[in-house]
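Everything below concerns the one structure shown next.
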Amino acid sequence: TSGNYTVPNVTQGQYTISITLDDYSTYSFLGSMTAGQTTTVNGSISLQAPAMASVSVSNITGYSATITWTTDQQASSLVEYGTTTAYGNSTSDPTLATSHSITVSNLTPGTTYHFSVASTNSHNLSSSSTDSTFSTLSPPAISSVAAGNIATDSATITWITDQPSSSLVEYGTTTAYG
């Protein structure tokens with residue numbers, strides 16, 4: 001948008017005048033004025049796509065991850081993701097916000113995923129990030145399973161995992177267990 005902007009009755013001195021409007025670029029004017037002078041600044045500002053910052057991935061499990069970022073103006077949230085830069089999957093939230101958080105789920109454990117985030121403002125102007133990657137956690141590998149101290153009513157089952165893990169032993173007189 002453009003137009004004339006009037007700054008009346010200022011005191012003498014150096015001034016920086018900025019014309020700002022949400023979702024628009026800023027027009028700045030630097031100049032000197034004498035006391036009582038009215039100055040008209042003929043400026044032009046234009047709509048801007050949201051600027052993105054702080055794209056990050058957290059809460060990574062074997063099956064999901066949360067991707068967050070910020071924008072300098074209210075905008076929607078979109079994450080495109082997949083095992084290649086062709087992506088193939090997306091998750092979105094149309095809510096206009098400046099702090100964005102999208103959880104992608106139904107992922108495969110031990111897999112590297114490519115992703116890009118995008119945001120669109122109320123003027124339908126969009127921006128998107130470059131390609132980034134994250135890897136989901138692999139399930140623990142179990143080895144050296146052994147039964148020991150076997151008695152008529154008890155046994156000790158031991159095993160080793162390649163990462164810290166919770167434990168569960170299912171047992172019974174058949175493969176249906178309990």
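Give the long-range amide H neighbours of S90: residues separated by 5 or more places, or on another chain, with amide H under 5 Å away, using H modelled in the peptide plane at 1.01 Å from N.
Long-range HN contacts for S90: Y81.
Tell me, in nm to one decimal, what length is gained between S138 and T112 on full extension, where the rule is 0.36 nm per residue of separation less the Cα-Cα distance? List each step's numbers first, then the result.
On the way: separation 26, 0.36 × 26 = 9.36 nm, distance 1.06 nm.
So the extension gain works out to 8.3 nm.
Once ligands and nucleic acids are excluded and a 1.4 Å probe is used, how much of F134 is accessible, expressed in Å² to the nearest 10?
10
If I stretch the segment between S166 and S92 completely, what's the gain in nm (0.36 nm per residue apart, minus their alpha carbon distance), one decimal? Please report the intermediate quantities before stating the final value.
Working: separation 74, 0.36 × 74 = 26.64 nm, distance 3.33 nm.
Length difference between fully extended and current span is 23.3 nm.
Using amide H atoms built in the peptide plane, which far-off residues or other-chain residues are under 5 Å from A49 H to H?
Sorted by chain and number, the residues that satisfy this come to none at all.
What residues qualify as long-range amide H neighbours of A65, i.e. H under 5 Å apart, gap of 5 or more or another chain, H built at 1.01 Å from N?
V104
Applying the Karplus parametrisation 6.51 cos²θ - 1.76 cosθ + 1.60 with θ = phi - 60° to the phi angles of region 155-162, what ³J(HN,Hα) value in whole Hz is obtained for each residue in order, glycine and proline being reported as x?
For region 155-162, the Karplus-derived couplings read 7, 9, 10, 10, 7, 10, 10, 8 Hz, x marking Gly and Pro.
Efficiency by 1/(1 + (r/R0)^6): what FRET value for V57 and W159, r their Cβ-Cβ distance, R0 = 35 Å, to the nearest 0.05? Before the final figure, lay out each step's value.
Working: r = 31 Å, r/R0 = 0.90.
Step by step, r from the Cβ atoms, then E = 0.65.
The values are calculated or read from the model by the stated rules, or taken from the named source; none is laboratory data. Computed from a predicted structure; not experimentally measured. Positions of Cβ are backbone-derived with ideal geometry, glycine not excepted, and every protein chain shown enters the neighbour counts. We work out accessible area using only protein heavy atoms, side chains counted, and drop any ligands, DNA or RNA first. Shrake-Rupley method; radii C 1.70, N 1.55, O 1.52, S 1.80 Å.
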